[in-house]
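What follows is a short report on a single structure.
Every number here is computed from the coordinates shown, using simple stated rules; none is lab data. None of the values given here were measured: they were computed from a predicted structure. Here Cβ is always computed from backbone atoms with ideal geometry, including for glycine, and neighbour counts include all displayed protein chains.
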Amino acid sequence: MSTTILVVDDEKNIRRSLRMVLDGEGFDVLTAESAEEGLEVAREELPDLVLMDIRLPQMSGIEAMEVLLKERPGLPIIVISGHASVSEAVAAVQKGAVDFFEKPLDRERVLISVRNALKRGALEQELAHLREESDRRYEMIGDSPVMKDLFSKIEKVAPTSGRVLITGESGTGKELIARAIHKLSLRNQKPFIKVNCAAIPAELIESELFGHERGSFTGAHAQRKGFFEQADGGTLFLDEIGDMSLSAQAKVLRALQNGEVSRVGSGKVISVDVRVLAATNKDLEQEVQNGTFREDLFFRLNVVPIQSPRLEARREDIPQLVRSFLEEIGRDFGGTKAIDADALDGLTRRAWPGNVRELRNVVERMNILSGPRITLSDLPDAPTQKAHPGGPDLPATLIDGRPMTLREYRESAERAYILASLEEHGWVIARAAEKLGLERTNLHKKLKSHGIERPE
Ligand SMILES: Nc1ncnc2c1ncn2[C@@H]1O[C@H](COP(=O)(O)OP(=O)(O)OP(=O)(O)O)[C@@H](O)[C@H]1O
Ligand SMILES: [Mg+2]
């Protein structure tokens, strides 16, 4: 793809000489004689770079630049100034121009500046793209009452520097909550550092969190900044904090109390400004009772508790979640698949012990395995649940987030058993009926009452 550069200048000579220089370097050059014309051309041709004279007959080059930057943030613009307008050029750079050059133009100076500006423009575009992608990836979906409560809590706590302890089952979105708090905080231009406390071996956690000096232990070949220092000015997210060893807990406590850390192997104290968010799927109060979590650390972390709701407590969000996952997957697969209403309904009613993470996995799997549309028959079997730990597997026992009545349970178990027998016998009704100890006509009646149809 060729690179297009727009030159806006009312002097014919300047337009001509810039065109010559830039043409010679293989750029596509467009020209305009006034700011107004320049805006028009820029809107139509979407140039990669604009060279803009400051003094133009009506609208000034600086005004035009401001309009363009509003329409296309990140578009590189270089301003061209005459002798009389050097101070205006400096002001233009403060307002967002990437560079300026003075007349008379110097060929080398022009080319260097143009190349730098194009490189910078490409980088900014890539960055904007990455930001957008990451925003989308970490966007929290849902407008059920439970989620609305959650959002308003996040908005309240975000701009403070208060510590937040996020609890909730696995796969409910605890990490998304932590990222949302950071994003809405005054620290959002500074780093968000996530530490998975469960994944770091106990003997390494101290050096990971606080850093080390070279040679402080075997394997410490170079000096290293710890996560606390890396997060300075920003947010440190201690994920799975319930899995941290007691000795590491003691060190984190000290860091939280004093806002100071020191690297392993160094006596030097470094003060850090870090907001700490923590998450766990364990019941920390219980861990405190058991003596596996320090009570003082628990109180330090739990300034604002936030509970991440189970998916089954917000079933009404499931259709929206499913659609958004399908769209996201579709972007990578070149097209979003549609889903039948009864399939969506099935997903909405099902048990979700693995919460949103499980829903996402199921949607991904269905998207791969289904035909052009996702239908009811693409739904995986309902997950089994234990009636009590160590007890036998049961089919799902929840419906709409509440325990089923015995009657509902009997119905759903019957349905599942019939379906399984049909699958087993390749949908030959006579054989399935024999196995189930039913007359064929009776099995037909059951199929009808359960709304079971043979998949294509
Ligand atoms: N409200 C939501 N909207 C969209 N996606 C969500 C939502 N909640 C969770 N997810 C998705 O579900 C998955 C699990 O979320 P996340 O990793 O935040 O869960 P978690 O609570 O930290 O789980 P674990 O305890 O297992 O670490 C991610 O892919 C996340 O993007
Ligand atoms: Mg997590």
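Given +1 at the Cβ of Lys and Arg, -1 at the Cβ of Asp and Glu and no other charges, the dipole of the chain around its Cα centre is 1300 debye to the nearest 20.
What does a probe at Arg357 reach in the stretch 298-321, counting residues whose amide N is under 17 Å from the point 7 Å along Cα→Cβ? Residues 308-312 fall inside that zone.
Label zone (Asn13, point 7 Å along Cα-to-C-beta; backbone nitrogen cut-off 18 Å) within the stretch 52-96: 53-57, 80-85. Between Ala84, Phe210, His182, the Cα set farthest toward the positive side of the dipole of the chain (charges on each charged residue's Cβ, about the Cα centre) is that of Phe210.
Segment Ala128..Met20, full-extension length gain: 35.6 nm, with 0.36 nm per residue of separation and the alpha-carbon distance subtracted.
So what is the relative contact order of the stretch 117-249, in percent, for Cα pairs below 8 Å that sit 6 or more residues apart?
On the way: 124 pairs, mean separation 30.1, N = 133.
Relative CO of the stretch 117-249 lands at 23 percent.
Exposed loop sites here are chymotrypsin sites (Phe, Trp or Tyr not before Pro) in DSSP loop states with at most 13 other C-beta atoms within 10 Å. What is the longest stretch of the chain lacking them?
Values: sites that count: Phe217, Trp427.
Free of exposed loop sites, the longest segment is 1-216.
Helix content alone sets the calculated 222 nm mean residue ellipticity of the chain: runs of n ≥ 4 DSSP H residues at -39500 (n - 2.57) each, divided across all residues, give -14500 deg cm²/dmol.
Rounded to the nearest 10 degrees, the inclination of helix 145-157 to the longest alpha-carbon principal axis of the chain is 40 degrees. The Kirkwood radius of the chain, taken over pairs of alpha-carbon atoms, gives through the Stokes-Einstein law at 10 °C and 1.306 mPa s a diffusion coefficient of 57 µm² s⁻¹.
Relative to the compact-globule estimate of 2.2 N^0.38 Å, the Cα radius of gyration of the stretch 1-122 comes out at 0.92.
Taking only the Cα atoms of the stretch 106-229, the ratio Rg/Rh comes out at 1.13, with Rh defined as the Kirkwood radius. Here the Karplus relation 6.51 cos²θ - 1.76 cosθ + 1.60, evaluated at θ = phi - 60°, turns the backbone of the stretch 18-26 into coupling constants of 5, 4, 5, 4, 6, 4, x, 9, x Hz, with x for every Gly and Pro.
The loop-placed trypsin sites (Lys or Arg not before Pro) in the stretch 213-298, going by DSSP, that have at most 13 neighbouring Cβ atoms within 10 Å of their Cβ come out as Arg214, Lys268.
Mind scanning Lys148/Lys251; Lys194/Lys282; Lys153/Lys282; Lys156/Lys194; Lys95/Lys183; Lys119/Lys190 and naming the pairs with a C-alpha gap bigger than 28 Å?
On the way: Lys148/Lys251 36 Å; Lys194/Lys282 18 Å; Lys153/Lys282 21 Å; Lys156/Lys194 22 Å; Lys95/Lys183 26 Å; Lys119/Lys190 24 Å.
Violating the 28 Å Cα-Cα cut-off are Lys148/Lys251.
Between 0 and 90 degrees, the angle of helix 107-137 with respect to the longest Cα principal axis of the chain falls at about 20 degrees. Treating the angle as unsigned and between 0 and 90°, give the value, to the nearest 10°, between the Cα long axis of helix 355-369 and the longest Cα principal axis of the chain. Between helix and principal axis, roughly 90 degrees.
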